[in-house]
Amino acid sequence: MTAKRPGYACPRCTVGRCTPQRTTFTDMLQDQLLSIPNVPAHICDVCNLIEFDQDLLDTLWECLYKGGAREDIAPAVPSKRSPSFGES
């Protein structure tokens, strides 16, 4: 009899197993990189699909995106990008 492997079958590749691990959550917020280390997630051992807990995503949405969507919040460092082709 074989032991049951932890986690669940990967919904993307259907070959690997998504197991609980910790990783870094990254996203863009108002043209700024947001990085939160050591966040619980399920990660596939074959295709590296990362699925974050829905409660975590709901909390992040409430804390960051609803309040961060205001126009009065300025980036920490102003953008110094040059105009793209076609911009004058």
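Miscellaneous remarks
- Any hit, the range 38-46, residues being within 28 Å of residue 66 (Cβ to Cβ), modelled with pLDDT of 95 or more and touching a Cys at 6+ places or on another chain (Cβ under 6 Å): yes
- The range 18-56, residues that are open to solvent by 60 Å² or more (accessible area, probe 1.4 Å) and assigned to a helix (DSSP H, G or I): 54, 55
- Within the range 1-17, being in a loop (DSSP other than H, G, I, E, B) and hydroxyl-bearing (Ser, Thr, Tyr) holds for 2, 14.
- The residues on offer are 49, 34, 56, 60, and the sole one that is at pLDDT 90 or above and within 30 Å of residue 16 (Cα to Cα) is 49.
- Total residues in the range 16-43, condition more than 12 Å from the chain's Cα centre (by Cα) and more than 18 Å from residue 54 (Cα to Cα): 5
The values are calculated or read from the model by the stated rules, or taken from the named source; none is laboratory data. Model, not experiment: these values are computed from the prediction. No Cβ is skipped: glycine too gets one built from the backbone with ideal geometry, and neighbour counts run over all protein chains shown. The accessibility values were calculated without ligands, DNA or RNA, using every heavy atom of the protein model including side chains. Shrake-Rupley method; radii C 1.70, N 1.55, O 1.52, S 1.80 Å.
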